[in-house]
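Heads up: the structure comes next, in structure tokens.
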Amino acid sequence: MGKKKKDIIQLERESVIPILKHKLIAALSDHIELGADRDEFLKLCQRVEYTIRAWYHLHFEDLMVMDKSNFKIATDDEINIALSAQYRLNLPIVVNEAKLDKRLFTKYFAKNPHDNLPYFADKFIIFRRGFGIDKMTAYFIKSKINTILARLWRCFLTVTGVKRILFTKSGASIDKDIKPVEICVEDDQNDLYVERIRIEKMKLSFSNLVGKVTIQEPTFQSIIVVYRRTSSKKETERNIYVKQFKNIPMADMEIVLPEKNNPGLTPMDWVKFIVSAVIGLVTVIGSLSSPKADIRVIFAILSSVVGYCVKTYFTFQSNLVSYQSLITQSVYDKQLDSGRGTLLHLCDNVIQQEVKEVIVSFFVLMEQGQATRQELDQRCEDLIKHEFGEICNFDVDDAVQKLEKLGIVTKDLAGRYTSVNLKLANEIIGTTTEEEVVLKAKHGDSSSRYYGKVRSF
């Protein structure tokens, strides 16, 4: 038998620097040996941040563009891959479309066309950014039993030939309409691969059956959902909602959907009920028609059928409790903010990313010397990887643009960039905060004036 393939998802690398700004600055400043240069570097970092923050305050409307914060609209392919498995959520979630307005996004995307829009783009939009991993370690007794039963059932269907009868025709039609989910197992240093570890795909050895196991699911580090509720003509409010979530497992992505209906029994649960009832009824009728009907046998059959139906119902109730717990957790633990709070958080996040890009690119030029744009891009990515163990697609174009606007780099005819020295860089940017002005006044530096003008963005 060939080796079973692992369930691995290929993810796109993003331009987000996943390091907190203060940790980034502290780590880079530790590489500067001279104390005076280190102080100048810390001052430069502060002045860069305040200058970029001033740029964005003067052009606040630009922050409404999600691209600037590296958020991307989730596509149908991404959502299909995300929902092709189950993690914590085991109930079908359906959106109540009657409560969602379809005019807002229909008009917007008609005026602003966008590629690869998801099928629900007329009702709500899901933006995603960043990836992570969520792990759970437990005995998962119920899941293991269900997996064993499911495998035995599939084996029974295969042996008896029922599977071929039931699924051949339906499978042919499904293949035509639904695009298969591609799971990549090849390794590539330029791509990001995350493995899904699920009990359904796990080898149920004796140690796995009786001991704790760890399951794993890739997550979206940040999700923003935008939608508008339907409103009557008399209502004056816009009813536009913006909600932000963090660390959402891909397979449980349904918990962020807006205006969800309360989940009910799944189609498979109804099939179990009906099949159990039919089998029980046929068996009882057959037993009663026998001249030697045994009331104990009939009672045992009825007890088994009723017991199985009760077990199915209580399984649904258990899944419903888990669903309600997940919804509560998503509200209190995973929902970062909503409404204007989300927009303010998004604006600050944009500024922090811009600042980190400028600091990293200037530090690389300062420490490693002149470089072309492509060389600078690679050096910055290598620095982030070797210093912090993180891999990202560094946005060198945006970083160079900011460096040139700040006036702290020069470019020769060959296209190579060189940083100015730290002291000159601080002089070029100038004083950026009232605190610096007060400190200079206390030291009697009357000759220094505020000449750090905020440049046009």
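The values are calculated or read from the model by the stated rules, or taken from the named source; none is laboratory data. What you see is a predicted model, and the numbers here were worked out from it, not measured in a lab. Here the Cβ is made from the backbone with ideal geometry for all residues, glycine too, and neighbour counts use every protein chain on show. Accessible surface is based on the protein model in full, side chains and every heavy atom, while ligands, DNA and RNA are left aside. Shrake-Rupley method; radii C 1.70, N 1.55, O 1.52, S 1.80 Å.
Does segment 105-112 include one or more residues that are modelled with pLDDT of 90 or more and either outside the structural domain of Ile215 (by the TED database) or buried (at least 19 other Cβ atoms within 10 Å of the Cβ) (or both)?
yes
Among the residues of segment 218-235, is there at least one that is farther than 30 Å from Phe71 by Cβ, at pLDDT below 85 and not charged (D, E, K, R)?
For segment 218-235, residues farther than 30 Å from Phe71 by Cβ, at pLDDT below 85 and not charged (D, E, K, R): present.
Which one of the conditions (1) in a strand (DSSP E or B); (2) surrounded by 13 or more Cβ atoms within 10 Å (Cβ to Cβ) does Asn90 fail to meet, given that it meets all the rest?
Only one criterion is unmet by Asn90, namely (1).
Just need a number here: residues in segment 353-395 that are aliphatic (A, V, I, L, M), buried (at least 21 other Cβ atoms within 10 Å of the Cβ) and without any contact (Cβ under 8 Å) to a residue 24 or more places away in the chain.
1
If Ser207 satisfies all but one of (1) assigned to a strand (DSSP E or B); (2) free of Cβ contacts under 8 Å to residues at least 40 places away in the same chain, what's the number of the condition it fails?
Failed condition: (1).
Among the residues of segment 121-152, which ones are over 18 Å from the mean Cα position of the chain (by Cα) and of a type in the set (Phe, Trp, Tyr)?
Hits for segment 121-152 are Tyr139, Phe140.
Considering only residues that are in contact (Cβ under 8 Å) with a residue 60 or more places away in the chain and open to solvent by less than 50 Å² (accessible area, probe 1.4 Å), which ones fall in segment 33-52?
Glu40, Phe41, Leu44, Cys45, Arg47, Val48, Glu49, Thr51, Ile52
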